[in-house]
Amino acid sequence: MSGLFITVEGPEGAGKTTILQRLAESLANEEERDIVLTREPGGIPISEQIRDIILDKKNVEMDAWTEALLYTAARRQHFVEKILPALDRGAIVLCDRFIDSSLAYQGYARELGIDEIYRMNQFAIQDMMPDLTLYFDISPELGLQRIEKHRGREQNRLDMETLAFHHKVRTGYQLLLEKFPNRIFRIDASEPIDIVYEKVKQKIAMFIKNSCS
Ligand code: TMP
């Protein structure tokens, strides 16, 4: 395995998707290696179809374990069909959400247990954790305010959750920062987007440089 696997995490409205797109374009111009930008749940047709089921606003009766299993199933297919082959070719893979979303949302916020969700995911990802994870930290109030401003974004079932749920997600991510201090790096996402972008770019450039030397 010669590629680099970088994931970005955080709540809705943290600016992950916009920043990742800019970053992927910039890296594609600078790096000789292939840059693969992808997302979870989704990234390939089967997983995008599972995404539609999970996020469909009509599916209000979905059981929390069913939801966790569907995220894991989507992750498995995306992992074997897109992520692993890209890493095998030596690509830099930038993934918008990965296992930490399941640990924070299903494990902590839905109270299924971080360790239980981690175990459930181990066989799906063959124990392969990201090389680096950037956690975009922002208060749920500010994140939701930003979503309101950009009404173009799709509204989904998870957007219907209460503010209290989003606070739990944030606590979940804070626990993960303590659990994986060498892998997860916190980014203050409450700053203006251009500043956040520059910090992310710097961190990733340094990480790529160090991993080459
Ligand atoms: P997105 O809007 O950032 O694409 O993510 C879709 C929603 O799915 C978002 O509310 C976070 C949630 N999610 C989980 O709850 N568990 C997971 O494992 C993943 C990947 C996403």
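Some points to look at:
- Any chance residue 181 is open to solvent by less than 80 Å² (accessible area, probe 1.4 Å) and either of a type in the set (Lys, Arg) or in a loop (DSSP other than H, G, I, E, B) (or both): no
- Residues of segment 189-213 that are open to solvent by less than 70 Å² (accessible area, probe 1.4 Å), outside any helix (DSSP H, G or I) and either touching a Phe, Trp or Tyr at 6+ places or on another chain (Cβ under 6 Å) or of a type in the set (Ser, Thr, Tyr) (or both): 189, 190.
- Only one entry in 50, 46 is more than 12 Å from the ligand (Cβ to nearest atom), of a type in the set (Val, Ile, Thr) and part of a helix (DSSP H, G or I), namely 46.
- If only residues of segment 122-151 that are hydrophobic (A, V, I, L, M, F, W, C) and part of a loop (DSSP other than H, G, I, E, B) are counted, the one that is surrounded by the fewest Cβ atoms within 10 Å (Cβ to Cβ) is 123.
- When every residue of segment 153-169 is checked against the conditions, none turns out to be farther than 30 Å from residue 207 by Cα, among the acidic types (Asp, Glu) and more than 13 Å from the ligand (Cβ to nearest atom).
- Against the criterion of being surrounded by fewer than 13 Cβ atoms within 10 Å (Cβ to Cβ) and either touching a His at 6+ places or on another chain (Cβ under 9 Å) or not in a strand (DSSP E or B) (or both), residue 60 qualifies.
- Residues that are near the ligand (Cβ under 9 Å from one of its atoms), surrounded by fewer than 24 Cβ atoms within 10 Å (Cβ to Cβ) and within 23 Å of residue 34 (Cβ to Cβ) within segment 70-86 are absent altogether.
- Cβ-Cβ contacts under 7 Å between residues 6 or more apart (or on different chains), taken from a first residue in segment 44-63 that is more than 12 Å from residue 78 (Cα to Cα) to a second residue that is within 11 Å of the ligand (Cβ to nearest atom) and modelled with pLDDT of 95 or more, are listed as 53/70; 54/41; 54/67; 54/70; 54/71.
The values are calculated or read from the model by the stated rules, or taken from the named source; none is laboratory data. From a predicted model like this one, the values you see are computed outputs, not experimental measurements. Counting neighbours? That spans all protein chains shown, and the Cβs are built from the backbone with ideal geometry, glycine included. Please note that ligands, DNA and RNA were not included when accessible areas were found on the heavy atoms of the full protein model with its side chains. Shrake-Rupley method; radii C 1.70, N 1.55, O 1.52, S 1.80 Å.
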